[in-house]
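Have a look at the structure below before the remarks.
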């Protein structure tokens with residue numbers, strides 16, 4: 001009887017080791033995918049930098065909100081809303097500042113005597129996931145003041 005148990009153990013033992021190796025490789029593989037996703041998200045940070053400035057137009061220097069890509073990968077500007085009115089941007093390509101220091105998009109400030117503007121800027125990242133930043137501008141003491149929120153993920157860009 002001892003010889004039969006020994007043979008049974010010798011035939012089952014390799015199967016158990018193979019099953020344990022398979023389960024551990026599945027666990028390790030899932031952890032590697034999770035770590036890779038975290039690393040990819042960190043490397044592909046999405047953030048826009050908005051600043052007040054001017055741009056050159058046919059009529060001379062025009063005051064504007066300058067939009068720059070402070071992230072690490074290209075973004076596609078889809079549209080912006082300016083006091084509720086929507087302006088399509090047709091997926092304007094905005095490379096990161098680290099690649100193209102002068103790349104920007106400008107939105108002209110109103111010159112009609114307005115003293116408040118609210119805006120929402122919608123864009124997509126390189127994975128075509130929707131993002132948005134929003135804020136407002138107030139004209140105080142002869143100058144515009146800009147306030148905006150960090151970029152947030154949106155599904156309805």
(request) Working carefully through the options 119, 123, find the one that is out of contact with any helix residue (DSSP H, G or I) (no Cβ under 7 Å at 6 or more places or on another chain), under 26 Å from residue 78 (Cβ atoms) and touching a residue at least 60 places away in the same chain (Cβ under 8 Å). (result) 123
(request) For residues that are closer than 30 Å to residue 39 by Cα and over 16 Å from the mean Cα position of the chain (by Cα), tally how many sit in region 69-89. (result) 0
(message) If a residue must be on the phi > 0 side of the Ramachandran plot and modelled with pLDDT of 95 or more, how many such residues does region 54-78 contain?
(response) 0
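The values are calculated or read from the model by the stated rules, or taken from the named source; none is laboratory data. Please read these numbers as outputs of a predicted model, since none were measured by experiment. Note that each Cβ is placed from the backbone with ideal geometry, even for glycine, and that neighbours are counted across all protein chains shown.
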